[in-house]
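S.K.: For reference, the structure I am asking about is given below.
The values are calculated or read from the model by the stated rules, or taken from the named source; none is laboratory data. Computed from a predicted model, the values in this text were never measured in an experiment. For neighbour counting, all protein chains shown are included, and Cβ atoms are generated from backbone atoms with ideal geometry for every residue, glycine included.
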Amino acid sequence: MADDGETAPYAPYEEVARRVLGPRAPEVLNDAAWPALGATLSAAARGGNDPVTALASAWDQGINGDVRSVPALLSWRIRTELEARNAWPAAAAGRPVPATFNSAARPPRPEPRLTAVPSWQERPLGAVPSTQLAAEVVASRAEAVRAAVVARATREAATTASEVARSRRGPAVTALTARHNELGERVAAMDALAELDSEYRRVRDINGLGQQGEDVLRARLAVSERRLAERRWMGLAPAVRGQARQDLQDRTNQLRTYLEATGPRLTELDARRADLERRAGAERTRPAAYREWLETDRNIGVLTDTARRSDIAAADRTSGEATRLEGWAADRALRADALVTESATRASLPTERAQAENTARNAANAAAVQPPQAAEATGEAAAQAQESYAAAEEINEQEAARGASL
């Protein structure tokens, strides 16, 4: 890894990276975004956090193969997690660096020297027109915030989905359990209907008179009441007249008692039947529902395991999407930082050089979007802008040389 002025201040954290990342450490240390990760680890230590723990927590969330910059993603994760815990240095001023990592504290940086600013063609965002730069800074920062919010929400959803899936409470397992319970309730209602039919037949079969027992009793009651009204016993001998009348009255009362007890019971059974019919579902679908319940009940263990694996796979896909979004959020954050750096660089330039850069930049951008014949017409203006820029560059080099000699 190059040991230049930007990475040297974070050299103590290289050992942290090697310890946590193992075989992937060289890839991270040689990435152009390593200084950003080193600065994040240094800030974490200043906030009273253990950099080893912070980096390990970010690394354990997994890295997808399509992430463009692993250090940028890790840096973004560490800062997001610490900010969520209110442990970022800005919110934790005055906290001591953990004693286990005092030796890795960031050493004091050397006094800055006046160095030549790279030309606008050499700076990553030097070609962005000055009229657009401020707007892009604002838009990029807003986009970085939105990306961070989406990534964080997706990561939280992935974590919750994984916990739920592994505890057999995922959507697929829940749907299977609900379906099995629904079928079980239908089958129970079917069985209850069969028992109800037997009870219904028993109630109607009064005194063993068969299914028409109630109708027969009502007919007999009508005859008995008519005979009482007609005083049929009056033609009998006085010795048997009283007994005949009493027998007819007892028989009439018995018939009334049976019918009065049967009517409410049949009404109750009719209401229960209507409820069971509703719970059992349409009659034409009952055989299929019974077969489905029987098959599900027989294989419920295997079906539950299959549903659980499906839930875990869905949670893993969400986790992969969260990692992709975190990489996207890290890229947006780097873009915003780069735009801010470019804006600060332009603000620090001498007036003559800044004007020359603007002229050359505008001419180059105009030539890039114009058709060939229109681009030729701007050639002279571009050449003049380049001459002005070259003069400004010479002034800048002279100032840098004077600064280096101080």
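S.K.: Considering the stretch 340-358 alone, what residues qualify as being among the hydroxyl-bearing types (Ser, Thr, Tyr) and either closer than 11 Å to Ser130 by Cβ or not in a helix (DSSP H, G or I) (or both)?
M.R.: Ser343, the sole residue that qualifies.
S.K.: What are the pairs with Cβ atoms under 7 angstrom where one residue, in the stretch 167-179, is farther than 12 Å from Leu303 by Cα and not assigned by TED's automatic domain parsing to the domain that holds Glu295 and the other, located anywhere, is among the acidic types (Asp, Glu) and assigned to a loop (DSSP other than H, G, I, E, B)? Sequence gap at least six, or different chains.
M.R.: Listed by first residue and then by second, the contacts come to nothing, as the list is empty.
Table: residues versus (1) among the acidic types (Asp, Glu); (2) under 30 Å from the mean Cα position of the chain (by Cα); (3) surrounded by fewer than 21 Cβ atoms within 10 Å (Cβ to Cβ); (4) assigned to a loop (DSSP other than H, G, I, E, B).
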{"site": "Val16", "(1), (2), (3), (4)": "no, no, no, no"}
{"site": "Arg24", "(1), (2), (3), (4)": "no, yes, yes, no"}
{"site": "Glu27", "(1), (2), (3), (4)": "yes, no, yes, no"}
{"site": "Leu41", "(1), (2), (3), (4)": "no, yes, no, no"}
{"site": "Gly48", "(1), (2), (3), (4)": "no, no, yes, yes"}
{"site": "Ala54", "(1), (2), (3), (4)": "no, yes, no, no"}
{"site": "Ala58", "(1), (2), (3), (4)": "no, yes, no, no"}
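S.K.: Still on this structure, I have one more. Restricting to the stretch 153-166, what's the tally of residues that are within 21 Å of Gly301 (Cα to Cα) and free of Cβ contacts under 8 Å to residues at least 24 places away in the same chain? Lay out the reasoning, then the answer.
M.R.: Restricting attention to the stretch 153-166, the residues satisfying the condition of being within 21 Å of Gly301 (Cα to Cα) are 162-166.
Right, trim to free of Cβ contacts under 8 Å to residues at least 24 places away in the same chain and you get 163.
Number satisfying all stated conditions: 1.
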